[in-house]
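Chemist: Pasting in a structure now, in structure tokens, and then I'll have a few things to ask.
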Amino acid sequence: MKIHEYQGKEIFRRYKIAVPNGFVATTADDAATIYTKLGKPVSVVKAQIHAGGRGKGGGVKLAKSAAEATTLAKSILGMQLVTHQTGPQGQKVKTILIEEGSDILKEYYVGITLDRRISKPVMMASTEGGMDIEEVAAHSPEKILRETIEPALGLQRFQASRLAYGLGFAGDAAKQATTILLNLWNCYDGEDCSLIEINPLISTKDGKVLALDAKVNFDDNALYRHPEQPGLRDEAEEDALEVEASKFNLNYVRLDGHVGCMVNGAGLAMATMDIIKYAGSSPANFLDVGGGANVTTVTNGFKIILSDPNVKAIFVNIFGGIVRCDRIANGIIEAAKNVKITVPLVVRLAGTNAEEAKKILLDSGIKLDVADGLKDGAEKIVKAIGGK
């Protein structure tokens, strides 16, 4: 689950991570009041959307007067902000953050995420702040410092100090940076984050070290431990179909292809998307209905897949392990009766009672094609849409 920058900074304040003073506005009329309240010669007006690259897209501007803050707020609020992360459709700006300007001396990057290769969190830091860390990793990997964190011990002070000095901090600034890094780990661990980033972390000409941005993603699997976190969710920033799928506990991610996929199990879903690509088309979604595929989950899955206008066919690929294939087949038939399926449908079932399931599907009278295997299913679904 993603949250906005201003929400992330409120959490940072709780963990004693230094951030600039600022206030949120949803109307341009508030901008002049906030500018005056901050009492600084320069304020920053920042669009609040769940995407990076806002500055390059025109969503971050400097105001040097109350009147200018109002003018900038009017231009940013309501704009369809397009960045490299939003895609060409952009994202509508409904909220802005106005905060005091900082006299920046140097920008840095700091982040923590899980390294799945070693099943441990890793803190990364770089002197290339303000840039996409993926670009730095691709072109200048030597500029990224890393510290592996033992989960039972947490980030140790010597590790934080090593990173701070590795970034070039010295004296009091090094102490400030070390404290921020330690507190960033406390935040990551305490809030059950899946990702946390400060980009940029800055040093100022008057000797301060501040988090100028805040990117905080929560682990959805740990939300039950944090009853306050769901209240931070902004569904308007998320894909409408993904929001709808979450209401039915379906793991759905919208993609840009033409073959709608309904699969049980994340690994099988990934393999299904790969073989659709190999067969000559591309998946329109990732949809994992879970191990217990039934009439309800399949019905809701069909509805969500068909809500995507790009979908030209549906490939149902389910392994009957926990639930027998014949029961899954009957569930698919009932679901197909409940939902008007207007595109070609190919079903591949494997596992317990797969042959019985195949007969049930063929005798159902439902317009569908039954596949004999994963490769056969992918080829049939791609052929049904002309290889698009």
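The values are calculated or read from the model by the stated rules, or taken from the named source; none is laboratory data. Note that the structure is a prediction, hence the values are computed from the model and not measured. All Cβ positions, even for glycine, are placed from backbone atoms using ideal geometry, and neighbour counts span all protein chains on display.
Chemist: Taking Arg146 as the residue in question, decide whether it is at pLDDT 90 or above, under 21 Å from the mean Cα position of the chain (by Cα) and surrounded by fewer than 19 Cβ atoms within 10 Å (Cβ to Cβ).
Modeler: No, not satisfied.
Chemist: Taking into account only those residues within the range 203-258 that are closer than 30 Å to Glu100 by Cα and of a type in the set (S, T, N, Q), which is nearest to the chain's Cα centre (by Cα)?
Modeler: Among residues in the range 203-258 that are closer than 30 Å to Glu100 by Cα and of a type in the set (S, T, N, Q), the one nearest to the chain's Cα centre (by Cα) is Asn217.
Chemist: If only one of Lys56, Lys106, Lys120 is among the basic types (Lys, Arg), in contact with a Pro (Cβ under 7 Å, 6 or more places away or on another chain) and over 15 Å from Val24 (Cα atoms), which one is it?
Modeler: Just one listed residue meets the conditions, Lys120.
Chemist: A further question on this structure: When you go through Gln48, Gln80 one by one, which is the residue that is touching an Asp or Glu at 6+ places or on another chain (Cβ under 7 Å) and more than 30 Å from Ala170 (Cβ to Cβ)?
Modeler: From the options Gln48, Gln80, the qualifying one is Gln48.
Chemist: Still on this structure, I have one more. Got a sec? Which of Leu368, Leu362, Leu287 is within 23 Å of Gly267 (Cβ to Cβ) and of a type outside the set (Ser, Thr, Tyr)?
Modeler: Only one candidate qualifies: Leu287.
Chemist: Here's another thing I want to ask about it. Could you look through the range 166-182, keep only residues that are part of a helix (DSSP H, G or I) and touching a helix residue (DSSP H, G or I) at 6+ places or on another chain (Cβ under 6 Å), and pick out the one that is surrounded by the most Cβ atoms within 10 Å (Cβ to Cβ)?
Modeler: The selected residue is Leu181.
Chemist: Kindly check whether there is at least one residue in the range 183-200 that is assigned to a loop (DSSP other than H, G, I, E, B), touching a residue at least 40 places away in the same chain (Cβ under 8 Å) and surrounded by fewer than 17 Cβ atoms within 10 Å (Cβ to Cβ).
Modeler: Scanning the range 183-200, I find no residue that is assigned to a loop (DSSP other than H, G, I, E, B), touching a residue at least 40 places away in the same chain (Cβ under 8 Å) and surrounded by fewer than 17 Cβ atoms within 10 Å (Cβ to Cβ), so the answer is no.
Chemist: Could you please give the count of residues in the range 271-284 that are assigned to a loop (DSSP other than H, G, I, E, B) and among the aliphatic types (A, V, I, L, M)?
Modeler: Final tally of qualifying residues: 1.
Chemist: Checking the condition touching a strand residue (DSSP E or B) at 6+ places or on another chain (Cβ under 9 Å), charged (D, E, K, R), outside the structural domain of Glu197 (by TED's automatic domain parsing) and within 21 Å of Leu201 (Cβ to Cβ), which residue from Lys46, Lys37 passes?
Modeler: Lys46
Chemist: Could you list, in sequence order, the residues of the range 106-118 that are part of a loop (DSSP other than H, G, I, E, B) and either in contact (Cβ under 8 Å) with a residue 12 or more places away in the chain or touching a His at 6+ places or on another chain (Cβ under 9 Å) (or both)?
Modeler: Ile118
Chemist: Please enumerate the residues belonging to the range 214-270 that are assigned to a helix (DSSP H, G or I), assigned by TED's automatic domain parsing to the domain that holds Lys380 and among the hydroxyl-bearing types (Ser, Thr, Tyr).
Modeler: Scanning the range 214-270 gives a single hit, Ser246.
Chemist: Assess whether Ala152 counts as being in contact with a helix residue (DSSP H, G or I) (Cβ under 9 Å, 6 or more places away or on another chain), assigned by TED's automatic domain parsing to the domain that holds Leu210 and either among the small types (Gly, Ala, Ser) or part of a helix (DSSP H, G or I) (or both).
Modeler: No.
Chemist: Being out of contact with any His (no Cβ under 9 Å at 6 or more places or on another chain) and within 17 Å of Leu114 (Cα to Cα) narrows it down to one of Leu210, Leu181, Leu163, Leu223, so name that one.
Modeler: Leu181
Chemist: Follow-up. Which condition from (1) at pLDDT below 90; (2) within 24 Å of Tyr6 (Cα to Cα); (3) not small (Gly, Ala, Ser) is the one that Asn264 breaks?
Modeler: The number of the failed condition is (2).
Chemist: While we're here: Of everything in the range 119-143 that's in contact (Cβ under 8 Å) with a residue 40 or more places away in the chain and β-branched (Val, Ile, Thr), which residue is surrounded by the most Cβ atoms within 10 Å (Cβ to Cβ)?
Modeler: Here the residue is Ile133.
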